[in-house]
Amino acid sequence: MGAYLTGKQEQPLPEGIVRRIVVFGGGDWVRGGDNWSLGYEVGRLVALADAELVTGGYGGAMEASSEGAASAGGSVRGIVHRSPREKPPNPFVTVVERAEDYADRLARLLRIEEAVALPGLSGTFAEIAASFALLQRFPGRRLALWGPWWRPLLGDVMTRMSSGHMPGVAWLDDLPGLERWLSRHHEDEAVGADDLR
């Protein structure tokens, strides 16, 4: 496990890393479950794209993607928070950043300008909603949503909120789609209403 960092300042990128990508997803995933291999592959692809993987630092999707990034030799940053029921970060985290509380942790995760949202529940939904609000206010941010999970739940809502045009949002239907998204990190991706269904 790596060194603990505190404070809200932007941390320098590790050597050889060109950007940070945060992965959101359910904390209730179990090793060997339906989504574990998806999270593992997402983390691995993020690391292979010379990006530092950033997660909430705990189990489930956070651990699966951290394990994948670590397997590819990537840097794994976990943003954990103080809590009466404090848990240790997952064993694949190389840099632990400690937030004051859940709200501070969420704010730190949202400061990362590129995000991938994997299957999850209320916490992941909150991260997506906040990311979407930031996308509408700050150009240059990017959000990739795992389409098979999120499109049925969010497609119509996001279309109504965005008038059918969402710069910076991409729906991912498979891992090759994620690879394309990772390789186009400087391009503006406008998703039209037809892409949301």
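The values are calculated or read from the model by the stated rules, or taken from the named source; none is laboratory data. These numbers come from a predicted model, not from an experiment. Reconstructed Cβ throughout: ideal geometry from the backbone, glycine too, with neighbour counts over all protein chains shown.
Looking only at region 1-28, filter to residues that are exposed (fewer than 13 other Cβ atoms within 10 Å of the Cβ) and among the hydrophobic types (A, V, I, L, M, F, W, C); which one of those is modelled with the lowest pLDDT?
ALA3
I need a count of the residues in region 38-62 that are surrounded by fewer than 16 Cβ atoms within 10 Å (Cβ to Cβ) and over 17 Å from LEU172 (Cβ atoms).
The number of residues fulfilling the criteria is 1.
Is it the case that some residue within region 76-87 is farther than 16 Å from TRP146 by Cβ, surrounded by fewer than 21 Cβ atoms within 10 Å (Cβ to Cβ), touching a residue at least 24 places away in the same chain (Cβ under 8 Å) and among the hydrophobic types (A, V, I, L, M, F, W, C)?
No, region 76-87 contains no residue that is farther than 16 Å from TRP146 by Cβ, surrounded by fewer than 21 Cβ atoms within 10 Å (Cβ to Cβ), touching a residue at least 24 places away in the same chain (Cβ under 8 Å) and among the hydrophobic types (A, V, I, L, M, F, W, C).
In region 91-108, what residues are surrounded by fewer than 20 Cβ atoms within 10 Å (Cβ to Cβ), closer than 21 Å to PRO12 by Cβ and of a type in the set (D, E, K, R)?
The answer is ARG98, ASP104.
Out of all the residues in region 10-58, which are closer than 19 Å to LEU110 by Cα, assigned to a loop (DSSP other than H, G, I, E, B) and either under 13 Å from the mean Cα position of the chain (by Cα) or not aliphatic (A, V, I, L, M) (or both)?
GLU10, GLN11, PRO12, GLY25, GLY26, GLY27, GLY56, GLY57, TYR58
In this structure, does TRP171 turn out to be of a type in the set (Phe, Trp, Tyr), touching a strand residue (DSSP E or B) at 6+ places or on another chain (Cβ under 8 Å) and at pLDDT 95 or above?
So TRP171 fails the test.
Just give me the residues in region 117-152 being part of a helix (DSSP H, G or I), touching a helix residue (DSSP H, G or I) at 6+ places or on another chain (Cβ under 8 Å) and of a type in the set (A, V, I, L, M), in sequence order.
Across region 117-152, the qualifying residues are ALA126, ILE128, ALA130, LEU134.
Which of (1) exposed (fewer than 15 other Cβ atoms within 10 Å of the Cβ); (2) outside any helix (DSSP H, G or I); (3) at pLDDT 90 or above; (4) not small (Gly, Ala, Ser) does ARG180 not meet, given it meets every other one?
(2)
Can you tell me which residue in region 89-108 is farthest from the chain's Cα centre (by Cα), limited to those that are in contact (Cβ under 8 Å) with a residue 40 or more places away in the chain and under 20 Å from TYR40 (Cβ atoms)?
PRO91
Please state which one of VAL93, VAL80 is under 26 Å from GLY16 (Cβ atoms), assigned to a strand (DSSP E or B), modelled with pLDDT of 95 or more and among the hydrophobic types (A, V, I, L, M, F, W, C).
Being under 26 Å from GLY16 (Cβ atoms), assigned to a strand (DSSP E or B), modelled with pLDDT of 95 or more and among the hydrophobic types (A, V, I, L, M, F, W, C) holds for just one of VAL93, VAL80, which is VAL80.
Pairs only if they're at least six apart or on different chains, beta carbon under 8 angstrom, first in region 13-40 and over 19 Å from GLU114 (Cα atoms) and in contact (Cβ under 8 Å) with a residue 60 or more places away in the chain, second among the hydroxyl-bearing types (Ser, Thr, Tyr) and crowded, with 16+ Cβ neighbours inside 10 Å; list them, first residue then second.
Close Cβ pairs satisfying both conditions: GLY27/TYR58.
Is region 29-37 home to any residue that is closer than 16 Å to TRP181 by Cβ and either exposed (fewer than 15 other Cβ atoms within 10 Å of the Cβ) or at pLDDT 95 or above (or both)?
Within region 29-37, not a single residue is closer than 16 Å to TRP181 by Cβ and either exposed (fewer than 15 other Cβ atoms within 10 Å of the Cβ) or at pLDDT 95 or above (or both).
Could you grab the pairs with beta carbons closer than 8 Å, sequence gap of 6+ or different chains, first residue in region 124-152 and closer than 21 Å to TRP29 by Cβ, second one surrounded by fewer than 16 Cβ atoms within 10 Å (Cβ to Cβ) and among the acidic types (Asp, Glu)?
Taking only residues 6 or more apart or on different chains, the pairs are GLY147/ASP173; PRO148/ASP173.
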